[in-house]
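Chemist: Dropping the structure in here first, questions after.
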Amino acid sequence: MKYAKENGRSDEWVKRGLWRVRRPKRRKSIIQPTGVEDCGGELVFKYRLPRSGSLINRLKVVGDLQVNNRQFEVKLNSINIHGKIEDECVELQVRCDKKGYINTKTFMEKLLSRSLNCIGCGACISSCPQGALQATERDVVVSDKCDRCWNCLKVPCVIEDSERMTSVKMDPFMISPCEKGLAMNHILLPNGELGEVLARRLRAKGIDIEIHEGGRVLCVSKTFPTWRLERYLMNSLFNE
Ligand code: SF4
Ligand code: SF4
């Protein structure tokens, strides 16, 4: 009762045991591309990312980082990253080969998410055979000794999958399990038109799909593997 009074809670809150009701879990925040372009054999993903400490420096694990004024560029085989540094954020364009999309996606999502969320615990430092990772007060930075072996991305990161993590996604859609517990996966789309087009194309491939919320949510049976669904969605978006 004393706690309730001190914190402005009503008697009802105590009597009905509402203090037992926990706050709902925070949803993980996810940064999706602000635009995706189909440029022939290549895809271009555009982002606006918060300007966190080591975000740009950590791109050294992709390739040679060239910084010129407020612009930077990194190249690695079929991946080309071009960025613009603004006061509050970084505008990023990730250009990649369509054929290598799945590999690029796995790599870039991990790298960008870790770079944005790193708390500098130092757990990944010993994984670097070149001694290229150095701890700072708030995160870790990559030195020019990096030879792109990507060992540091293979070891688990303490912040990964935590509720506090802000994930960066390459897809313009999100696939998540049905919140009501049905054996369905939901595909969340930024607009209904895109949903209608995708549903039509996926049905033409024989995939059983339901449309909800004017096309912004598509439901597919959970028995359909997520990785295949992602591939179908990307192909439907860009190849037809
Ligand atoms: S393990 Fe993760 S949080 Fe810890 S220093 Fe490495 S990248 Fe940062
Ligand atoms: S582990 Fe490999 S990719 Fe990571 S910083 Fe060291 S040399 Fe670079």
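The values are calculated or read from the model by the stated rules, or taken from the named source; none is laboratory data. For clarity, every value in this text was computed on a predicted model and none was experimentally measured. Cβ sites come from the backbone with ideal geometry, for glycine too, and all protein chains shown count toward neighbours. The accessibility values were calculated without ligands, DNA or RNA, using every heavy atom of the protein model including side chains. Shrake-Rupley method; radii C 1.70, N 1.55, O 1.52, S 1.80 Å.
Chemist: Please go through (1) surrounded by 15 or more Cβ atoms within 10 Å (Cβ to Cβ); (2) in a loop (DSSP other than H, G, I, E, B) for Gly131 and return the number of the only condition it doesn't satisfy.
Modeler: (1)
Chemist: Picking from Val197, Val141, which residue would you name as being under 30 Å from Ile79 (Cα atoms), within 16 Å of ligand 2 (Cβ to nearest atom) and surrounded by 13 or more Cβ atoms within 10 Å (Cβ to Cβ)?
Modeler: Working: Val197 fails: within 16 Å of ligand 2 (Cβ to nearest atom).
Every option except Val141 fails the conditions.
Chemist: I've got another one for you. When you check Leu202 against the structure, is it under 28 Å from Ile79 (Cα atoms), open to solvent by less than 80 Å² (accessible area, probe 1.4 Å) and not aromatic (Phe, Trp, Tyr), yes or no?
Modeler: no
Chemist: While we're looking at this one, here's another question. Pick from Asn77, Asn68: which is closer than 28 Å to Asn235 by Cα and open to solvent by 60 Å² or more (accessible area, probe 1.4 Å)?
Modeler: Residue meeting the stated conditions: Asn77.
Chemist: So for region 88-101 (the condition being buried (at least 16 other Cβ atoms within 10 Å of the Cβ), within 17 Å of the chain's Cα centre (by Cα), in the same structural domain as Trp150 (by TED's automatic domain parsing) and in contact (Cβ under 8 Å) with a residue 60 or more places away in the chain), does at least one residue qualify?
Modeler: Among the residues of region 88-101, at least one is buried (at least 16 other Cβ atoms within 10 Å of the Cβ), within 17 Å of the chain's Cα centre (by Cα), in the same structural domain as Trp150 (by TED's automatic domain parsing) and in contact (Cβ under 8 Å) with a residue 60 or more places away in the chain, which makes the answer yes.
Chemist: Let me spell it out: the conditions are (1) touching a strand residue (DSSP E or B) at 6+ places or on another chain (Cβ under 6 Å); (2) loosely packed, with under 13 Cβ neighbours inside 10 Å; (3) closer than 30 Å to Ile79 by Cα, and Ile125 meets all of them except one. Which number is the exception?
Modeler: Here Ile125 clears every test but (2).
Chemist: Let me ask something additional. Residue by residue through region 36-74, note down the ones that are at pLDDT 90 or above, closer than 18 Å to Lys105 by Cβ and not hydrophobic (A, V, I, L, M, F, W, C).
Modeler: Once the filter is applied, which keeps residues that are at pLDDT 90 or above, closer than 18 Å to Lys105 by Cβ and not hydrophobic (A, V, I, L, M, F, W, C), region 36-74 yields Lys46, Tyr47, Arg58, Gly63.
Chemist: Which residue out of Ser167, Ser162 is within 16 Å of ligand 1 (Cβ to nearest atom), under 30 Å from Arg216 (Cα atoms) and outside any loop (DSSP other than H, G, I, E, B)?
Modeler: Working: Ser162 fails: outside any loop (DSSP other than H, G, I, E, B).
After applying the criteria, what remains is Ser167.
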